[in-house]
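Have a look at the structure below, then the notes.
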Amino acid sequence: MNILVINCGSSSLKFQLIDSDTEQVKAKGLCERIGIDGSRLVYTPAGKDKIVTETPMPDHSKAVSLVLDALTDSENGVISGLSEIGAVGHRVVHGGEKFSTSVIIDDEVLKAVEECNDLAPLHNPANLIGIDACTKLMPGVPQTAVFDTAFHQTMPEKAFLYGLPYRYYTDHKVRRYGFHGTSHSFVSRRAAEILNRSCDDFKVIVCHLGNGASVSAVMNGKCVDTSMGLTPLEGLIMGTRSGDLDPAIIEYIANCEKLSLGDVMKVLNKESGVLGLSGGLSSDFRDIGKAYDEGKAEGRRAFDTYSYRVAKYIGAYTAAMNGVDAIVFTAGVGENDPLIRSMICGYLGYLGLSIDENENRKRGEEVQISSPDSKVKVLVVPTNEELAIARETVRLVNGG
Ligand code: ADP
């Protein structure tokens, strides 16, 4: 069955058409600048070069219709008609406490997702527009919602509550939700498979280190803690997000720099993280790594602070699970940056953990980087959120 996987952002739409029998990607692409001047479709059929089409996309409906045209195009299409799309799987960012698993989309689900809009005002409305556009253009084709938050719903209350007046939780839904759940679930399961361990007896810490970054503690197949919170701002230092900080800093900086609350939040989301720590050098870890190698203070400062924070979370989650069998690195930085992996693991000798620097040199592939005698196994497992969404979609449409 062909599954169309859709990930709608506020002004973008990423897609992949996956053949679920072979798990091969038949075509993939991206619509950029939806609703903005200069919108374009980047479309890549498997085995061919990418095709870039600059064309107006006033809304997500137009974007979805252009994607369907590209997939069925007589020259560069990969299917002969829309009837060859068996189902559509949507990435939905926030499922609040309503969704602890993926679901087939119906009117009730749409209403419940809409009720989570206030928790993710930039993302959930875009996801709903994408679903609506697909409903109109492919009536009758089953659609599923796969939530970024769902995997983390197994966290116990002690892990998801903040030290705030309890009624903020009951009245305003203020709690830790966590994100990147599809990735944490996919990667933790794959790690158990690689190590030939049963998920039911396995303690793993997953470090999803991309532009956005989060760590999760997964015990016996269930998430017991994760570093992102009510929003993706909490936890690790990221490309441009600050991660954890003293909340009093917000008022202090607003006063010092004469900024509004909104301005400070923008700084924390867009101008902080390794971009901020490197004095504005870059949010891209390749640039920071180069500066580090050249002995520049900006690079050293950013990487030292970044890896120290990740190592502290690993320590905390080892305590939360009373031990750890494996640590897994994934996403852009986790899969491709040997220096960051080595710096983080350098703090973990107390766990009896050691890595093989030869294996650690490998990038972007599944590899065990711990030394044979390491008590805790360390793996690199490339994440594949689109494939995870396609698998979930097949499971649901088959009645699973
Ligand atoms: P997201 O999905 O959060 O946008 P990704 O998981 O795609 O992010 O990760 C993107 C980040 O990965 C980039 O910002 C870049 O810093 C980092 N990255 C990609 N390739 C490499 C590499 N070869 N070495 C180091 N970092 C890399």
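Taking each residue of segment 165-188 that is on the phi > 0 side of the Ramachandran plot and looking for partners that are hydrophobic (A, V, I, L, M, F, W, C) and buried (at least 24 other Cβ atoms within 10 Å of the Cβ) with beta-carbon atoms closer than 6 Å, six or more apart or interchain, yields 178/228. When segment 42-69 is limited to residues that are under 18 Å from residue 386 (Cβ atoms), in a strand (DSSP E or B) and out of contact with any Asp or Glu (no Cβ under 8 Å at 6 or more places or on another chain), the one that is most open to solvent (accessible area, probe 1.4 Å) turns out to be 44. Just checking, does segment 148-167 include any residue being in contact with a helix residue (DSSP H, G or I) (Cβ under 8 Å, 6 or more places away or on another chain), under 30 Å from residue 66 (Cα atoms), outside any helix (DSSP H, G or I) and at pLDDT 95 or above? Scanning segment 148-167 turns up at least one residue that is in contact with a helix residue (DSSP H, G or I) (Cβ under 8 Å, 6 or more places away or on another chain), under 30 Å from residue 66 (Cα atoms), outside any helix (DSSP H, G or I) and at pLDDT 95 or above. Each residue in segment 325-338 was checked for being more than 8 Å from the ligand (Cβ to nearest atom) and hydrophobic (A, V, I, L, M, F, W, C), and 4 of them qualify.
Quick grid of which residues meet (1) within 16 Å of the ligand (Cβ to nearest atom); (2) aromatic (Phe, Trp, Tyr); (3) more than 23 Å from residue 101 (Cα to Cα):
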residue: 162; (1), (2), (3): no, yes, yes
residue: 168; (1), (2), (3): no, yes, yes
residue: 186; (1), (2), (3): yes, yes, no
residue: 196; (1), (2), (3): no, no, yes
residue: 224; (1), (2), (3): no, no, no
residue: 228; (1), (2), (3): yes, no, no
residue: 245; (1), (2), (3): no, no, yes
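A quick yes/no check of all residues on (1) more than 23 Å from the chain's Cα centre (by Cα); (2) under 25 Å from residue 387 (Cβ atoms); (3) open to solvent by 70 Å² or more (accessible area, probe 1.4 Å):
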{"site": "111", "(1), (2), (3)": "yes, no, yes"}
{"site": "122", "(1), (2), (3)": "no, no, yes"}
{"site": "127", "(1), (2), (3)": "no, yes, no"}
{"site": "130", "(1), (2), (3)": "no, yes, no"}
{"site": "144", "(1), (2), (3)": "no, yes, no"}
{"site": "153", "(1), (2), (3)": "no, yes, no"}
{"site": "174", "(1), (2), (3)": "no, no, no"}
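Is it the case that segment 27-41 has a residue that's in contact with a Leu (Cβ under 6 Å, 6 or more places away or on another chain) and charged (D, E, K, R)? No, segment 27-41 has no match at all. Go over the candidates 312, 258 one by one and state the one that is farther than 30 Å from residue 197 by Cβ and away from the ligand (no atom under 16 Å from the Cβ). Just a single option satisfies the conditions, and that option is 258.
Determine whether segment 336-347 contains at least one residue that is among the basic types (Lys, Arg) and in the same structural domain as residue 271 (by TED's automatic domain parsing). Within segment 336-347, one or more residues are among the basic types (Lys, Arg) and in the same structural domain as residue 271 (by TED's automatic domain parsing).
Quick one: which of 35, 29 is at pLDDT below 95 and either more than 17 Å from residue 134 (Cα to Cα) or open to solvent by 10 Å² or more (accessible area, probe 1.4 Å) (or both)?
35 is the lone residue from the list that is at pLDDT below 95 and either more than 17 Å from residue 134 (Cα to Cα) or open to solvent by 10 Å² or more (accessible area, probe 1.4 Å) (or both).
If you go through segment 346-368 and keep only what is more than 15 Å from the ligand (Cβ to nearest atom), in contact with an Asp or Glu (Cβ under 9 Å, 6 or more places away or on another chain) and open to solvent by less than 60 Å² (accessible area, probe 1.4 Å), you end up with 352, 354.
The single residue among 189, 197 that is basic (Lys, Arg), open to solvent by 30 Å² or more (accessible area, probe 1.4 Å) and part of a helix (DSSP H, G or I) turns out to be 189. For segment 208-222, the candidate set comprises residues that are touching a residue at least 40 places away in the same chain (Cβ under 8 Å) and farther than 16 Å from residue 329 by Cα; within that set, the residue that is most open to solvent (accessible area, probe 1.4 Å) is 222.
Of the residues making up segment 266-292, those that are away from the ligand (no atom under 16 Å from the Cβ) and either open to solvent by less than 50 Å² (accessible area, probe 1.4 Å) or free of Cβ contacts under 8 Å to residues at least 12 places away in the same chain (or both) number 3.
The values are calculated or read from the model by the stated rules, or taken from the named source; none is laboratory data. Computed from a predicted model, the values in this text were never measured in an experiment. Cβ sites come from the backbone with ideal geometry, for glycine too, and all protein chains shown count toward neighbours. In case anyone asks, the SASA skips ligands and DNA or RNA and just uses the protein heavy atoms, side chains included. Shrake-Rupley method; radii C 1.70, N 1.55, O 1.52, S 1.80 Å.
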